[in-house]
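Since the structure comes first, as C-alpha coordinates, the remarks are kept for the end.
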Amino acid sequence: MTERVSGGRRGDGLRLNEEAVAARSAVLSVLACWSAMVADERRVTRPARREATELAGFLAVHLDWLLAHQAAADFAEEILRAAAKARRAAHSAVLPEMDLGPCPHTGCTGVMSAMGYSRGNGRGHDVRCDAGHVWLPHQWLKLSRQIEGTRRRGGAEARHKGGAP
(Lines give C-alpha, C1' and ligand atoms only; values in the text may rest on other atoms or scores of the structure.)
Protein backbone atom coordinates (compact mmCIF):
# COMPACT_ATOMS: atom_id res chain seq x y z
CA MET A 1 0.00 0.00 0.00
CA THR A 2 1.34 3.40 -0.91
CA GLU A 3 0.38 6.74 0.54
CA ARG A 4 0.17 9.86 -1.58
CA VAL A 5 1.25 13.09 0.02
CA SER A 6 0.57 16.52 -1.39
CA GLY A 7 1.32 19.98 -0.12
CA GLY A 8 3.38 20.19 3.00
CA ARG A 9 5.98 22.55 4.30
CA ARG A 10 7.94 24.64 1.85
CA GLY A 11 11.52 23.54 1.65
CA ASP A 12 14.54 25.78 1.69
CA GLY A 13 16.12 23.69 -1.05
CA LEU A 14 16.58 24.33 -4.72
CA ARG A 15 14.25 26.87 -6.31
CA LEU A 16 13.76 26.56 -10.05
CA ASN A 17 13.17 29.45 -12.38
CA GLU A 18 10.07 28.08 -14.12
CA GLU A 19 10.44 30.48 -17.03
CA ALA A 20 13.97 29.22 -17.69
CA VAL A 21 12.88 25.58 -17.42
CA ALA A 22 10.04 26.19 -19.91
CA ALA A 23 12.39 28.02 -22.29
CA ARG A 24 14.96 25.21 -22.15
CA SER A 25 12.24 22.66 -22.84
CA ALA A 26 10.96 24.69 -25.80
CA VAL A 27 14.45 25.00 -27.30
CA LEU A 28 15.14 21.27 -26.91
CA SER A 29 11.76 20.36 -28.36
CA VAL A 30 12.21 22.53 -31.46
CA LEU A 31 15.78 21.32 -32.06
CA ALA A 32 14.80 17.66 -31.54
CA CYS A 33 11.77 17.85 -33.86
CA TRP A 34 13.70 19.47 -36.68
CA SER A 35 16.65 17.11 -36.21
CA ALA A 36 14.28 14.14 -36.46
CA MET A 37 12.74 15.54 -39.65
CA VAL A 38 16.17 16.08 -41.22
CA ALA A 39 17.37 12.61 -40.19
CA ASP A 40 14.22 10.92 -41.53
CA GLU A 41 14.12 12.73 -44.86
CA ARG A 42 17.87 12.60 -45.49
CA ARG A 43 18.15 9.07 -44.12
CA VAL A 44 21.05 9.97 -41.83
CA THR A 45 21.71 9.03 -38.23
CA ARG A 46 20.12 11.27 -35.62
CA PRO A 47 22.25 12.86 -32.90
CA ALA A 48 23.06 10.36 -30.14
CA ARG A 49 21.95 12.63 -27.28
CA ARG A 50 19.05 15.04 -26.86
CA GLU A 51 21.26 17.97 -25.89
CA ALA A 52 20.99 21.47 -27.30
CA THR A 53 24.60 21.70 -28.47
CA GLU A 54 24.49 18.32 -30.20
CA LEU A 55 21.11 18.96 -31.86
CA ALA A 56 22.08 22.49 -32.95
CA GLY A 57 25.36 21.17 -34.36
CA PHE A 58 23.48 18.51 -36.32
CA LEU A 59 21.12 21.12 -37.75
CA ALA A 60 24.04 23.40 -38.62
CA VAL A 61 25.64 20.60 -40.66
CA HIS A 62 22.40 20.19 -42.63
CA LEU A 63 21.43 23.89 -42.68
CA ASP A 64 21.81 24.45 -46.44
CA TRP A 65 19.55 21.48 -47.16
CA LEU A 66 17.07 22.57 -44.50
CA LEU A 67 16.88 26.16 -45.80
CA ALA A 68 16.12 24.86 -49.30
CA HIS A 69 13.31 22.67 -47.90
CA GLN A 70 9.66 23.71 -48.35
CA ALA A 71 9.33 23.96 -44.52
CA ALA A 72 12.25 26.41 -44.18
CA ALA A 73 9.95 29.30 -43.16
CA ASP A 74 8.38 27.15 -40.44
CA PHE A 75 11.83 26.12 -39.23
CA ALA A 76 12.98 29.75 -39.02
CA GLU A 77 9.79 30.85 -37.25
CA GLU A 78 10.00 28.09 -34.63
CA ILE A 79 13.70 28.72 -33.97
CA LEU A 80 13.07 32.47 -33.58
CA ARG A 81 10.15 31.86 -31.19
CA ALA A 82 12.18 29.47 -29.02
CA ALA A 83 15.15 31.87 -29.01
CA ALA A 84 12.92 34.78 -27.95
CA LYS A 85 11.53 32.68 -25.09
CA ALA A 86 15.08 31.81 -24.01
CA ARG A 87 16.15 35.48 -24.17
CA ARG A 88 13.20 36.55 -21.99
CA ALA A 89 14.07 33.87 -19.44
CA ALA A 90 17.75 34.83 -19.46
CA HIS A 91 16.95 38.49 -18.80
CA SER A 92 14.49 37.89 -16.00
CA ALA A 93 15.75 37.04 -12.57
CA VAL A 94 13.92 36.01 -9.45
CA LEU A 95 15.37 37.56 -6.33
CA PRO A 96 15.44 35.80 -2.95
CA GLU A 97 12.13 35.11 -1.24
CA MET A 98 11.43 36.61 2.18
CA ASP A 99 9.19 34.82 4.67
CA LEU A 100 6.55 37.16 6.16
CA GLY A 101 4.93 34.73 8.57
CA PRO A 102 1.42 33.28 8.77
CA CYS A 103 -1.29 34.47 6.39
CA PRO A 104 -3.68 36.89 8.17
CA HIS A 105 -6.78 35.56 6.32
CA THR A 106 -9.18 33.96 8.78
CA GLY A 107 -8.85 30.19 8.70
CA CYS A 108 -5.85 30.20 6.36
CA THR A 109 -2.86 28.11 7.42
CA GLY A 110 -0.65 29.37 4.60
CA VAL A 111 2.66 31.15 4.99
CA MET A 112 3.16 34.54 3.32
CA SER A 113 6.23 35.48 1.37
CA ALA A 114 7.52 38.43 -0.59
CA MET A 115 9.48 37.78 -3.75
CA GLY A 116 11.26 40.31 -5.89
CA TYR A 117 11.97 39.88 -9.56
CA SER A 118 13.54 41.82 -12.38
CA ARG A 119 12.55 41.76 -16.02
CA GLY A 120 14.68 43.70 -18.45
CA ASN A 121 15.21 47.10 -16.85
CA GLY A 122 12.21 46.89 -14.52
CA ARG A 123 11.79 45.42 -11.05
CA GLY A 124 8.73 44.26 -9.18
CA HIS A 125 7.57 42.37 -6.12
CA ASP A 126 4.89 39.85 -5.28
CA VAL A 127 3.37 39.23 -1.87
CA ARG A 128 1.40 36.01 -1.61
CA CYS A 129 0.74 33.08 0.65
CA ASP A 130 1.30 29.48 -0.33
CA ALA A 131 -2.47 28.85 -0.10
CA GLY A 132 -3.04 31.30 -2.96
CA HIS A 133 -3.86 34.66 -1.37
CA VAL A 134 -2.23 37.61 -3.16
CA TRP A 135 -1.76 41.22 -2.05
CA LEU A 136 -1.29 43.96 -4.63
CA PRO A 137 1.08 46.88 -3.95
CA HIS A 138 -1.76 49.23 -2.93
CA GLN A 139 -2.72 46.69 -0.21
CA TRP A 140 0.73 46.29 1.35
CA LEU A 141 0.38 49.05 3.97
CA LYS A 142 -2.88 47.53 5.24
CA LEU A 143 -1.25 44.09 5.19
CA SER A 144 1.71 45.32 7.25
CA ARG A 145 -0.73 46.67 9.86
CA GLN A 146 -2.53 43.30 9.93
CA ILE A 147 0.78 41.48 10.40
CA GLU A 148 1.82 43.84 13.19
CA GLY A 149 -1.57 43.43 14.90
CA THR A 150 -1.30 39.65 14.68
CA ARG A 151 2.20 39.74 16.18
CA ARG A 152 1.06 41.99 19.06
CA ARG A 153 -1.92 39.74 19.82
CA GLY A 154 0.32 36.67 19.66
CA GLY A 155 2.73 38.19 22.18
CA ALA A 156 -0.12 39.21 24.50
CA GLU A 157 -1.62 35.71 24.33
CA ALA A 158 1.75 34.16 25.21
CA ARG A 159 2.12 36.49 28.22
CA HIS A 160 -1.46 35.80 29.33
CA LYS A 161 -0.83 32.03 29.23
CA GLY A 162 2.32 32.44 31.31
CA GLY A 163 4.70 32.27 28.37
CA ALA A 164 7.73 34.48 27.86
CA PRO A 165 7.13 37.90 26.21
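Overview of results
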{"read-out": "Theoretical gain in end-to-end length, L28 to R42 [0.36 nm per residue, Cα-Cα removed]", "value": "3.0 nm"}
{"read-out": "For G101, distant residues with modelled amide H under 5 Å away", "value": "M112"}
{"read-out": "Cβ crowding within 10 Å averaged over residues, with 53-66, 22-35 ranked highest first", "value": "22-35, 53-66"}
{"read-out": "Per-pair calculated FRET efficiency, R0 = 30 Å: H69 and N17 via Cβ, rounded to 0.05", "value": "0.30"}
{"read-out": "Stretchable slack from T106 to R81, in nm (0.36 nm times residue separation minus alpha-carbon distance)", "value": "4.6 nm"}
{"read-out": "Residue-by-residue Karplus 3J(HN,Hα) for region 134-147, coefficients 6.51, -1.76, 1.60, Hz, glycine and proline x", "value": "10, 10, 7, x, 6, 9, 5, 5, 4, 4, 5, 5, 5, 4"}
{"read-out": "Most to least accessible of H125, H69 (protein chains only, probe 1.4 Å)", "value": "H125, H69"}
{"read-out": "E18 accessible area, 1.4 Å probe, all protein chains in place, Å² to nearest 10", "value": "150 Å²"}
{"read-out": "Theoretical gain in end-to-end length, A90 to H138 [0.36 nm per residue, Cα-Cα removed]", "value": "14.3 nm"}
{"read-out": "Ranked order, D126, D40 - accessible area, probe 1.4 Å, largest first", "value": "D40, D126"}
{"read-out": "Backbone N within region 97-113 under 12 Å of label point (7 Å from A131 Cα along the Cβ vector)", "value": "102-112"}
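The values are calculated or read from the model by the stated rules, or taken from the named source; none is laboratory data. Since the model is a prediction, treat every value here as computed from it, not as a measurement. No Cβ is skipped: glycine too gets one built from the backbone with ideal geometry, and neighbour counts run over all protein chains shown. When the accessible area is computed, the model is the full protein with side chains, heavy atoms only, and any ligands, DNA or RNA have been set aside. Shrake-Rupley method; radii C 1.70, N 1.55, O 1.52, S 1.80 Å.
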